[in-house]
1. Of everything in region 67-83, what is in contact with a helix residue (DSSP H, G or I) (Cβ under 9 Å, 6 or more places away or on another chain), open to solvent by 30 Å² or more (accessible area, probe 1.4 Å) and free of Cβ contacts under 8 Å to residues at least 60 places away in the same chain? Give them in sequence order.
2. Determine which member of the set Trp222, Trp215, Trp211 is within 16 Å of the ligand (Cβ to nearest atom), in the same structural domain as Lys86 (by TED's automatic domain parsing) and over 14 Å from Leu170 (Cβ atoms).
3. Give me the residue from region 12-38 that is within 16 Å of the ligand (Cβ to nearest atom) and part of a loop (DSSP other than H, G, I, E, B) and, out of that set, farthest from the chain's Cα centre (by Cα).
4. Leu179: in contact with an Asp or Glu (Cβ under 9 Å, 6 or more places away or on another chain), of a type in the set (A, V, I, L, M, F, W, C) and either not in a helix (DSSP H, G or I) or not assigned by TED's automatic domain parsing to the domain that holds Val73 (or both), yes or no?
5. If you go through region 430-438 one residue at a time, do you hit one that is touching an Asp or Glu at 6+ places or on another chain (Cβ under 7 Å) and β-branched (Val, Ile, Thr)?
6. Could you list, in sequence order, all residues of region 129-158 that are open to solvent by 30 Å² or more (accessible area, probe 1.4 Å) and out of contact with any Lys or Arg (no Cβ under 6 Å at 6 or more places or on another chain)?
7. Regarding Arg55, is this residue outside the structural domain of Asn380 (by TED's automatic domain parsing), within 28 Å of Trp200 (Cα to Cα) and touching an Asp or Glu at 6+ places or on another chain (Cβ under 9 Å)?
8. From the residues in region 265-290 that are open to solvent by 60 Å² or more (accessible area, probe 1.4 Å) and under 18 Å from the mean Cα position of the chain (by Cα), which one is farthest from Glu237 (Cα to Cα)?
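The values are calculated or read from the model by the stated rules, or taken from the named source; none is laboratory data. All figures in this text were calculated on a predicted structure; none of them were measured in a lab. Counting neighbours? That spans all protein chains shown, and the Cβs are built from the backbone with ideal geometry, glycine included. Quick note on the areas: whole protein, heavy atoms, side chains included, nothing else; ligands and nucleic acids left out. Shrake-Rupley method; radii C 1.70, N 1.55, O 1.52, S 1.80 Å.
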Amino acid sequence: MENKLYIYNTLSRTKELFVSLHENKVGMYVCGPTVYGDAHLGHARPAITFDILFRYLLHLGYKVRYVRNITDVGHLENDADSGEDKIGKKARLDELEPMEVVQFYTNRYHKAMEMLNVLPPSIEPHASGHIMEQIDFVQKILDAGYAYVSEGSVYFDVVKYNEKFQYGKLSGRNIEDMLESTRSLDGQSEKRRSVDFALWKKASPEHIMHWKAPWSEGFPGWHLECSAMGTKYLGEEFDIHGGGMDLMFPHHECEIAQSTAALGKETVKYWMHNNMITINGQKMGKSLGNFINLEEFFTGSHPLLTQAFSPMTVRFFILQAHYRSTVDFSSEALQASEKGLSRLMEGYARLQKLTPSPASTVETAGLRERCEEAMCDDLNTPIVISYLFDALKPINLVSDGKETISAIDLNELNDVFKLFMEDILGLIVENESTTDNDAYKKAIDLLLNMRLEAKQNKDWGTSDKIRNELTALGFEIKDTKDGFEWKI
Ligand code: ZN
């Protein structure tokens, strides 16, 4: 098909027609998680947003090399140039090797992404596995004259860079303002100016992860890995770089400066950013107590949640908003998404059972074109979803025997639903009967614990009701001296 995909480029602040740099090949880099804790909604949104882009580019016929990194070194507390390494700190507190922390949370991240039906990227490089490439990158920037060595650390010279290039152009910041607001801090550290940022840090004695480099035994600055790994796997110029809006400054701004300084040219053609998720109108944060990780959604175990929500409900909830809009999470909003999704899934199931008639009395034409058009308009998933909802009406009328549909129209409708629901939006039927499902096990335990509580309160009505209804569903429940056992 003819490509009419328009995407919003954060750099130009406008929707641009997507034209790949290498004909039918697309190189796409997305900043992945720093693996020192469980994935939460803030991780689900970029993963799902760029999963949709990945799927849609594949649908348009492109060969996509999708690189999403794992940050396992160099990301310091408060995203700053000083402080403890986030993974190092977790390793110290839990008395583990840093790589044990990395492996543990990487495995859990993968599991959560799989449950959300997020396709794995083509390459998932780790920062710690690309130290040589990062050292080379620092050397290139030093050779080009845009960095300086101070006390064994290497810093990027933002002011010098800004004389030739423009620092701050992605986030719309002005270097004069930045210098003005931080000037009083200058000279207080080994950096020349506080706007400068670390490319290589000399490790202090208590810092666990460090490597040998020409300047010191140390570790790379956080922003460096994406410049080094992005250009290693996608080339000096590649198509798309994505991430959450919170990464625009300083992370992506620094990445542009590093790559431009080292290579003398712009690396990325289209910058894309998803907006953030708030919880009941508030920013998400560990200190605010509203930090809900994905597993807590799937099991309903967080106090802010009234129930468990399935991975597909979370995915649908995120897709019901355009990726550049903010999304406010609340239990009520997710309940509404759960209802909407099951209505859509029931309609799709009904569609697959319809039988054709010689002629159609319902109008179903044009659905494919409308959905394509919405996707091509900067991945407008909420509009695609609204078109699919509109199509439920004729499906239900035919299903109820009030209208008829021809074989051609029925095939087309089935094709379009399969394409947009499953292949592009990635909404699939969840298998609820698997006893290996953690959420499922926890839900049964929860019910049986409620039954124990009811028994202790001599509420025999409730306790019998739970037992009888679970038995009717095929569960075998055994009371033991410590509580209960069950199997299906
Ligand atoms: Zn990054």
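1. First, the residues of region 67-83 that are in contact with a helix residue (DSSP H, G or I) (Cβ under 9 Å, 6 or more places away or on another chain): 67-77, 79, 83.
Subset that is open to solvent by 30 Å² or more (accessible area, probe 1.4 Å): 77, 79, 83.
Across region 67-83, the qualifying residues are Glu77, Gly83.
2. Numbers: Trp215 fails: within 16 Å of the ligand (Cβ to nearest atom); Trp211 fails: within 16 Å of the ligand (Cβ to nearest atom).
Answer to the selection: Trp222.
3. First, the residues of region 12-38 that are within 16 Å of the ligand (Cβ to nearest atom): 27-36.
Next, from what is left, pick out any that are part of a loop (DSSP other than H, G, I, E, B): 31-33, 35-36.
Working: Cys31: 9, Gly32: 8, Pro33: 8, Val35: 13, Tyr36: 16 Å.
Result: Tyr36.
4. no
5. Start the filter on region 430-438 by keeping residues that are touching an Asp or Glu at 6+ places or on another chain (Cβ under 7 Å), which leaves none.
Within region 430-438, none of the residues are touching an Asp or Glu at 6+ places or on another chain (Cβ under 7 Å) and β-branched (Val, Ile, Thr).
6. Step one: list which residues in region 129-158 are open to solvent by 30 Å² or more (accessible area, probe 1.4 Å), which gives 129, 132-133, 136, 139-140, 142-144, 149, 151.
Within region 129-158, Gly129, Met132, Asp136, Gln139, Lys140, Leu142, Asp143, Ala144, Val149, Glu151 qualify.
7. Details: outside the structural domain of Asn380 (by TED's automatic domain parsing): yes; within 28 Å of Trp200 (Cα to Cα): no; touching an Asp or Glu at 6+ places or on another chain (Cβ under 9 Å): yes.
Judged against the criteria, Arg55 is not a match.
8. Ranking the candidates gives Lys283 first.
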